[in-house]
1. Run the accessible area of the chain with a 1.4 Å probe and give the carbon-and-sulfur part as a rounded percent.
2. For HIS105 and SER8, calculate 0.36 nm times their separation in residues minus their Cα-Cα distance, and state this gained length in nm to one decimal.
3. Relative contact order (percent) for the chain, with alpha-carbon contacts under 8 angstrom and 6 or more residues of separation?
4. Mind checking the full-extension length gain between SER455 and GLN68? Use 0.36 nm per residue of separation minus the Cα-Cα distance, one decimal, nm.
5. Tell me the angle of helix 3-19 to the major Cα principal axis of the chain, expressed in degrees between 0 and 90 and rounded to the nearest ten.
6. Using mean Cβ contacts within 10 Å as the protection proxy, how do 267-277, 212-222 order, highest first?
7. Residue by residue, what Karplus-based ³J(HN,Hα) values in Hz, rounded to whole numbers, does region 335-345 have, using 6.51, -1.76 and 1.60 with θ = phi - 60° and x for Gly and Pro?
8. Given (i) 1.01; (ii) 0.96; (iii) 1.06 as candidate values of Rg/Rh (Cα atoms, Kirkwood Rh), which corresponds to the one derived from the coordinates?
Amino acid sequence: MSPADLSSALLAVVAPIVRQRPGGEDLLLTPDDIILERPKNRDHGDWSTNIAMKLAKRVGMNPRELAQGIADEAAKIDGIALVEIAGPGFINLRLDAATAGQLAHTIVTAGAAFGTNDSRVGENINLEFVSANPTGPIHLGGTRWAAVGDSLARLLQASGAQVTREYYFNDHGAQIDRFARSLVASYLGEPTPEDGYGGEYISDIKDRVVAAYDGDLSALSPEALQEAFRHEGVELMFADIKTSLHEFGVDFDVYFHENELHETGAVERAIQRLKDAGHMFEQDGALWLRSTDFGDDKDRVVIKSDGNPAYISGDIAYYLNKRERGFNRCIIMLGADHHGYVQRLMAMTAAFGDEPYVNHQILIGQMVNLVRNGEAVRMSKRAGTVVTLEDLVEIVGVDAARYALVRSSTDSNLDIDLDQLQKRTNDNPVFYVQYAHARTHNVARNAADSGVDRSVFAPETLTHETEAALLGALQEFPRVVSYAAESREPHRVARYLEEVAGLYHRWYDNCRVTPQGNDPIEPVHHTRLWLNDAAGQVLRNGLTLLGVSAPERM
């Protein structure tokens, strides 16, 4: 019995009881009103609900009295073994073994589809992440967003949303000019400009531009030389970024060039839209967005007094472009240094007539630090000043890197212990989860060798306490996926998988799938194989959502 099935069954009990009470005649309840939670202490049952406490005042009853009435009827529901009242009116329910065990069959039959849900159906989401400037390799902050963003996209898709992964390619502005000047300085044998970029990659890109350029670079004027290195250098750097991301398991559906906004008149059209809505004004020779009308702390210059567009002009045009492409949800992932942008972007959203934090959402991620031997790793040989995606992957591999970056909330700074991630022990969380998955396959192989298959399914035999605990956790997977998508928190899946892995290891230590010695094969052995394979399926599905492999042997 799934949580949804149990909620529906309880609703059929609760609704008649409340309708018989004054104030309850017109109370319209749905299964969503029957909130089920897992008790922290499994001795209290499989599920708990506070529905009696929520409704008691509405129908003029003592919560425990109402809870008792519900419990008396709930005890008659097929599949419920025990109902108890706790505290001020909590209702604790325990399912019988056959009902709880049926989940193993459900999971194995559903396969890769188990965990998917329709909670985000109808949402057409543009998810923009990484969007690192093509002026150098991706640093750790961008790497964190690559792992988290791709996992979030998978979660949203698993919850029924249409998702477009988008990379905003900044090929316009001062940083690109500094990048080009750095390449030119390397070509001329001059020191890196004071505001330029250093590291071996600059020399590498310079050499590749020289090799690829069709003509005589030495014959170019200083302006033409910088433009040549800008154009060719940006293309080469971005190609390297794409390759690094692809090898990290992250690919984008759209690479949107910032220059397109300025070259196609998109900025002017967006500004005109806001003018027509009465949200723009002129002052001191500049054009302003009256963003204070929408909660911003000050109005924002959109076109400066010299006629050049301010930075926010691109944001305005880009957001409108996304909405005109049909996206009803626009999510952007930005680094901690962009925290001050949120308020102005939400004001801009409201100025277009959209709902802030609904049509437009900004996620802010905190810094990432690498630690080795208890000390911070600060320098990259290739980038010179920062540690890069390639550095992390070279040390620990793609799986460990992605898992480590995803398993913590992006709201907090993250210290990644490289020594821990290189261990093949339970102290390494990705190893712990992957080993549990590999163990399920090893159990299945041994079962096949012993003649145990899935030809029999007798869920009533799954009576051991570790089986009840494991089944209880497996049942939570669809809700974990749905909530992680809703809250934009992929780390919840990682922490859940670690819980499942722990429960699986404990079950493995207590319950045999294959008979011992010359003991006969019994229905419980066949049924435990179903449970074993169900656990493997959930671990595999969860790791897939995180973009991490699920090895069958370790």
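1. Values: 11570 of 25020 Å².
Of all accessible area on the chain, carbon and sulfur atoms account for 46 percent.
2. On the way: separation 97, 0.36 × 97 = 34.92 nm, distance 2.10 nm.
That pair, HIS105 and SER8, stretches by 32.8 nm at full extension.
3. Values: 937 pairs, mean separation 89.9, N = 554.
Rounded, it is 16 percent for the chain.
4. Numbers: separation 387, 0.36 × 387 = 139.32 nm, distance 4.20 nm.
Answer, rounded to one decimal: 135.1 nm.
5. 70 degrees
6. On the way: 267-277: 16.1, 212-222: 9.8.
Final packing ranking: 267-277, 212-222.
7. x, 4, 6, 9, 4, x, 7, 4, 4, 5, 5
8. (iii)
The values are calculated or read from the model by the stated rules, or taken from the named source; none is laboratory data. Keep in mind the model is a prediction, meaning the values are calculated, not measured. Here the Cβ is made from the backbone with ideal geometry for all residues, glycine too, and neighbour counts use every protein chain on show. Remember, those area values only see protein heavy atoms, side chains included, never the ligands or the DNA or RNA. Shrake-Rupley method; radii C 1.70, N 1.55, O 1.52, S 1.80 Å.
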